[in-house]
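The values are calculated or read from the model by the stated rules, or taken from the named source; none is laboratory data. Not measured: the values here are computed from a predicted model. Cβ placement follows ideal geometry from the backbone for every residue including glycine, while neighbour counts extend to all protein chains displayed. Surface areas here come from the heavy atoms of the whole protein model, side chains and all, with no ligands, DNA or RNA. Shrake-Rupley method; radii C 1.70, N 1.55, O 1.52, S 1.80 Å.
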Amino acid sequence: MDIVVCIKQVPDPEHFSKIVLDAKTKLVRREGIPVVVNQVDKHALEAALQIREKFSGRVTVISMGPPQAREAIEEAFAMGADGGVLLSDRAFAGADSLTTAYTLAQAIKKFSPFDLILLGNETADSGTRQVAPQLAEFLDVPHVTNVRTIGFNSGDTLIVERSMENGHMKIEVRLPAVLAVNRTINEPRIPSVIDIMQVATKEIKVCGLADLGLSSEDVGLVGSPTQMANLFESRRERRREILDGAAVTAARQAVERLRELNAL
Amino acid sequence: MTGKNETWVYAEQKAGHASKATLQLLGKAVELGKETGSPTVCVLVGSGAQGVPRELAAYGASKVYVVDDPRLELYQSEAYASVVAGLVKEHCPEIFLFAATDVGEDLAPRVAAKVGTGLTAHCIDLRIEKRDGVPLLHQTVPAWGGGMRIDIVCPKHRPQMATVKPGVFDLPVPKSDSNAEVVDVPAQLNEKHFRARTIEVKEEAQRETPLTEADAVVAVGWGAYSLGGIQCPQELAEAVCGTLAGTRPMVDSGWIPPDRMVGQSGKVVSSRLFISLGASGAMHFTSGFERAKFVVAVDQNPKAPIFQVADIGIVGDLREVLPCLTEEIKKQKSSKG
Ligand SMILES: Cc1cc2nc3c(=O)[nH]c(=O)nc-3n(C[C@H](O)[C@H](O)[C@H](O)COP(=O)(O)OP(=O)(O)OC[C@H]3O[C@@H](n4cnc5c(N)ncnc54)[C@H](O)[C@@H]3O)c2cc1C
Ligand SMILES: Nc1ncnc2c1ncn2[C@@H]1O[C@H](COP(=O)(O)O)[C@@H](O)[C@H]1O
């Protein structure tokens with residue numbers, strides 16, 4: 001079983017409140033914000049490793065991002081991934097979901113034969129939940145999003161459960177296929193010191209635009225149909241009345257104000 | 001690609017009725033259409049939903065493409081995407097809106113990829129602005145956990161596609177005398193469209209009012225853990241005739257069911273009253289109740305960011321404040337009669 005897992009390096013969500021808008025340049029300032037592997041992508045990798053342990057095979061992680069994203073692949077190596085591909089080129093920067101999916105698809109076609117491709121259901125930074133269905137379309141395979149369990153049927157079909165708002169769906173999927181998993185599927189393993197020491201023995205294949213044989217017109221910001229028109233800070237104005245007296249008094253004052261404001 | 005000057009809405013239906021989220025989108029589509037001079041058209045896929053087009057007409061649809069086929073009774077990702085993309089390629093509307101639901105979120109991206117156009121996820125506002133004389137759909141999304149907004153445009157590709165969470169737009173007032181042209185479209189499908197086949201859909205009955213429709217919401221944060229259970233918050237929720245909800249940690253720990261999470265990865269609430277109990281005020285969370293009319297927050301940390309987005313903030317320990325608050329509200333309500 002050849003499994004590909006798509007992982008993305010993202011700014012640590014715990015630090016999002018420190019990301020500010022530079023009033024002059026109108027650009028987001030995120031210096032000093034640490035980066036991490038998108039959390040749910042680790043669940044996707046864990047699912048892949050568990051399948052490999054059961055049926056044998058190979059797990060390859062692939063990530064598109066700046067050179068620094070090699071750290072994400074190294075973390076995946078520590079967890080147990082066999083191979084890693086980093087798609088890194090200035091031309092790839094600024095890709096929207098369609099173009100991200102397109103670039104990942106081209107790389108997978110070129111380098112990674114697959115039976116199964118696993119993704120996280122959403123990224124912490126852009127969080128569109130769109131890459132998985134779009135990747136599947138570019139590879140002409142079926143997809144299922146929001147997957148909470150993966151079961152193996154006979155031969156080349158899976159039975160997966162997809163979480164829904166108010167229940168779930170059961171779906172029979174023929175391989176090869178793309179699945180996007182959610183965080184309820186498993187608990188990602190924590191690499192041991194020995195695992196971490198093995199990272200150095202594995203090699204990351206780094207590819208740019210030329211290696212994929214793509215045109216700069218089709219990737220990154222230039223190749224993306226959607227564009228950013230404005231970026232602005234926004235907060236709805238609230239009254240911000242603070243009551244900090246004794247509990248009984250504060251509660252009474254709060255309810256009094258709510259009554260005055262006709263909010264009850 | 002130039003196409004028809006039409007605004008499309010993907011219509012979801014359940015048990016023979018259009019979903020609320022669809023009708024909210026229709027209201028917005030009609031508004032947008034007034035600015036661009038475009039009619040509103042719906043696409044309805046499924047099996048046996050005869051009454052739905054009339055409903056869609058009452059909310060502003062002037063035409064409904066109906067793809068009715070027994071094989072499409074349950075949502076089938078590839079088959080649905082294929083028939084919807086087929087219609088888009090044939091008519092190429094200017095704008096195509098989907099609700100960001102279990103189905104919409106899964107379907108819209110695959111349709112966009114088939115058509116080769118842009119798609120903006122989880123918009124919180126849509127409006128038309130002219131650029132070089134050409135009307136463009138400005139699609140506002142929250143960014144970086146919710147503290148910022150980005151307007152996204154899709155200048156060169158059509159349709160301009162977006163998904164919108166339920167509850168972001170208000171339900172319009174229906175007009176009972178409206179009619180829509182109904183166009184039946186046959187589904188051209190083969191085995192290949194069912195490589196992923198939905199074989200079963202299990203839905204639990206809704207226990208209470210869905211969060212997106214609640215008139216009052218009481219949301220518990222991690223600080224409510226100190227209460228040892230949800231009984232007290234539940235009592236407050238009942239006192240304000242509201243629905244109990246929570247932050248992600250409370251959902252992760254199993255105190256609050258997943259469909260009751262407020263925020264970026266959860267629900268957008270537009271209730272009249274929103275009470276936050278022991279939530280620090282992460283933007284991921286606060287972006288979920290921006291549309292609420294009045295916000296009350298209780299937290300023991302006077303510096304908690306939640307107080308920046310509250311109309312009334314009570315600084316104190318929930319174990320002391322909550323019983324008093326519930327008591328006072330009950331008194332107030334009973335004195336009102
Ligand atoms: C991609 C992504 C998406 C996310 N989406 C969401 C989302 O949709 N919704 C969501 O909620 N979160 C979401 N989160 C998580 C979010 O970032 C925060 O971690 C979360 O909202 C914090 O929850 P909290 O306020 O309950 O907990 P905490 O931040 O731990 O706050 C607990 C608060 O309780 C107070 N407190 C403690 N004890 C008491 C007491 N006895 N009395 C009074 N106050 C007390 C503390 O002062 C503190 O302010 C998301 C995170 C990521 C990365
Ligand atoms: N740049 C990227 N490189 C590799 N995988 C990605 C990238 N962007 C998104 N993904 C994958 O797509 C999933 C969904 O992302 P999104 O559609 O952005 O919410 C993520 O959880 C990743 O598994």
Pairwise burial B:A, computed as accessible area of each alone minus the pair, summed, 1.4 Å, Å²: 7200 Å²
Value of relative contact order over segment B:7-194, rounded to a whole percent, pairs C-alpha under 8 Å and six or more apart: 28 percent
Placed amide H near B:V64: partners under 5 Å, 5+ positions off or other chain: B:C42, B:E181, B:V182, B:V183
Cβ-based charge dipole, the protein assembly as shown, positive-most Cα from B:I306, A:I62, B:Q24: B:I306
Compactness of segment B:145-300 - radius of gyration and Dmax, Cα, Å: 20.0, 61
Value of Rg to Rh for segment A:213-263 (Rh from inverse mean 1/r over Cα pairs, i.e. Kirkwood): 1.55
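Take peptide B:98-105, look around each residue's Cβ out to 10 angstrom, count Cβ atoms belonging to other protein chains, and average those counts.
3
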Helical mean residue ellipticity (222 nm; -39500 (n - 2.57) per DSSP H run of 4+; nearest 500) of chain A: -8500 deg cm²/dmol
Alpha-carbon Rg with Dmax, taken over segment B:115-220, Å: 19.4, 51
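With the contact rule set at Cα under 8 Å and sequence spacing of 6 or more, what percent relative contact order holds for chain B?
15 percent
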Cβ charges +1 (Lys, Arg) and -1 (Asp, Glu), total dipole of chain A, debye: 680 debye
Simple Cβ-charge dipole of segment A:37-155, Lys/Arg +1 and Asp/Glu -1, about Cα centre, in debye nearest 20: 200 debye
Solution diffusion estimate, µm²/s, Stokes-Einstein, segment B:1-106, Kirkwood Rh from C-alpha pairs, 10 °C, viscosity 1.306 mPa s: 116 µm²/s
Among B:T40, B:T117, B:W8 - extreme Cα towards positive end, dipole of segment B:7-194, charges at beta-carbon: B:T117
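Averaged over every viewing direction, what's the projected area of the C-alpha convex hull for chain B? Give it in nm², one decimal, please.
Directional mean of the projected Cα hull area for chain B stands at 19.2 nm².
Go through A:183-194, B:253-264 and give me the packing order, highest mean Cβ count within 10 Å leading.
Values: A:183-194: 14.0, B:253-264: 20.0.
Put in order of decreasing packing, that is B:253-264, A:183-194.
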Local electrostatic count, A:Q9, Cβ distance below 11 Å [Lys/Arg +1, Asp/Glu -1]: -4
Solution diffusion estimate, µm²/s, Stokes-Einstein, segment B:211-335, Kirkwood Rh from C-alpha pairs, 10 °C, viscosity 1.306 mPa s: 114 µm²/s
Cα-based reach from B:K175 at 17 Å (exclusive), listing lysines while leaving out same-chain residues under 8 positions away: B:K20, B:K28, B:K34, B:K63
Where N is the number of residues in segment B:177-261, Cα Rg divided by 2.2 N^0.38 Å: 1.75
Share, in percent, of DSSP beta bridges within chain B that are antiparallel, nearest 5: 25 percent
For chain A, convex hull volume per residue from C-alpha positions, Å³: 202 Å³
Options B:V218, B:Q264, B:C241, ranked by Cα towards positive dipole end of segment B:207-277, top entry (Cβ charges): B:Q264
With eigenvalues of the C-alpha gyration tensor scaled by 5 and rooted, segment B:7-194, Å: 25, 19, 16
Cα-Cα pairs of segment B:77-125 separated by more than 13 Å (percent): 54 percent
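To the nearest 20 Debye, how big is the dipole of the protein assembly as shown about its Cα centre, given +1 on the beta carbon of each Lys and Arg and -1 on that of each Asp and Glu?
Once rounded to the nearest 20, the dipole reads 820 debye.
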Mean accessible surface per residue for chain B, computed with a 1.4 Å probe while every protein chain stays in place, in Å²: 39 Å²
Average projection area in nm² (convex hull over Cα atoms of the protein assembly as shown, one quarter of hull surface): 28.5 nm²
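Which of the residue pairs A:K170/B:K202; A:K109/A:K202; B:K165/B:K267 have a Cα-Cα distance greater than 18 Å in the structure shown?
A:K109/A:K202
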Length-normalised contact order for segment B:211-335 - Cα pairs under 8 Å, 6+ apart - percent: 25 percent
Degrees, to the nearest 10: B:77-91 long Cα axis against longest axis of chain B: 60 degrees
Whole-number D in µm² s⁻¹ for segment A:3-109, Kirkwood Cα-pair radius fed into Stokes-Einstein, 37 °C, 0.692 mPa s: 218 µm²/s
